[in-house]
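Trainee: The structure's right below; bear with me while I get my questions together.
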Amino acid sequence: MTDRELHRLVSDSQEEGFRELFLQYQAYVYKIVWGRIKDVGTAQDAEDCVSEVFLQIFLHFREIAEGSLRAYIGTVAKHKAIDYARRLGNAGAHLSGDGELPEDVASGENIAESVESALEHRQLFDAIRALGEPDASILILRYFYDLKSPEIARRLQLRPVSVRVRMNRALGKLRRILAQESPHEK
């Protein structure tokens, strides 16, 4: 499917278009990500990074010019993988073995579920992004990746108590943002 067809499909049906985009580029993104993090992470880390790549692509899809989709996806995947490898490397999470792609790489079903969930919650993601960093990352890691405060702290290089305090404040801000966006639902 060409870039133009993907853009049209996303315009017609965002969910179907993003699903097709994911199916078309998932292996490409995974290969880039795995190539960067194989020495410091696991297949699960790669899947998490791939999810973050597609989330960024979906959130900024309208900004991507036709004809540059593959290049944009490759660039996002490379940069996310580099960031991920740095975080994993700083935490001392190293793989043993020869660094080859594991035989039991997941089928992608969990990633697809994450992608569909991200599509269904676009308004929520926009509100979370409005919080700024590191609050947005804290909420995403906690509620979408189900990580606990110590793990979030490790990944973001914060203290666990700081993560908990920021999470509580960010949730309050998020409630206010969402209440302002939909006052008729009160």
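Trainee: Just the residues that are over 26 Å from Ala81 (Cα atoms) and either out of contact with any helix residue (DSSP H, G or I) (no Cβ under 9 Å at 6 or more places or on another chain) or among the β-branched types (Val, Ile, Thr) (or both), please, taken from the stretch 128-184.
Mentor: Once the filter is applied, which keeps residues that are over 26 Å from Ala81 (Cα atoms) and either out of contact with any helix residue (DSSP H, G or I) (no Cβ under 9 Å at 6 or more places or on another chain) or among the β-branched types (Val, Ile, Thr) (or both), the stretch 128-184 yields Val161, Val165, Asn168, Gly172, Arg175, Arg176, Ile177, Gln180, Pro183, His184.
Trainee: Looking at (1) under 22 Å from the mean Cα position of the chain (by Cα); (2) at pLDDT below 80; (3) part of a loop (DSSP other than H, G, I, E, B), which is the one condition that is false for Glu100?
Mentor: (1)
Trainee: Further, regarding this structure: Only residues in the stretch 52-66 that are more than 18 Å from Tyr143 (Cα to Cα) count as the first member; pair them with residues that are among the basic types (Lys, Arg) and surrounded by fewer than 12 Cβ atoms within 10 Å (Cβ to Cβ), Cβ under 6 angstrom, at least 6 apart or cross-chain, and list the lot.
Mentor: Pairs found: Glu66/Arg4.
Trainee: Which residues, taken from the stretch 135-157, are in a loop (DSSP other than H, G, I, E, B) and surrounded by 18 or more Cβ atoms within 10 Å (Cβ to Cβ)? Can you show your working first?
Mentor: Of all residues in the stretch 135-157, those in a loop (DSSP other than H, G, I, E, B) come to 144-148, 157.
Of everything in the stretch 135-157, those that are in a loop (DSSP other than H, G, I, E, B) and surrounded by 18 or more Cβ atoms within 10 Å (Cβ to Cβ) turn out to be Phe144, Leu147.
Trainee: Out of Val29, Val40, Val33, Val50, I need the residue that is touching a helix residue (DSSP H, G or I) at 6+ places or on another chain (Cβ under 9 Å), at pLDDT 85 or above and in a loop (DSSP other than H, G, I, E, B). Which one?
Mentor: Answer to the check: Val40.
Trainee: Going by the structure shown, is Phe125 part of a helix (DSSP H, G or I), surrounded by 17 or more Cβ atoms within 10 Å (Cβ to Cβ) and modelled with pLDDT of 85 or more? If you could, list the steps in order and put the result at the bottom.
Mentor: Details: part of a helix (DSSP H, G or I): yes; surrounded by 17 or more Cβ atoms within 10 Å (Cβ to Cβ): yes; modelled with pLDDT of 85 or more: no.
No; evaluated as a whole, the condition is false for this residue.
The values are calculated or read from the model by the stated rules, or taken from the named source; none is laboratory data. Not measured: the values here are computed from a predicted model. Glycine also receives a Cβ, built like all others from the backbone with ideal geometry; neighbour counts cover every protein chain displayed.
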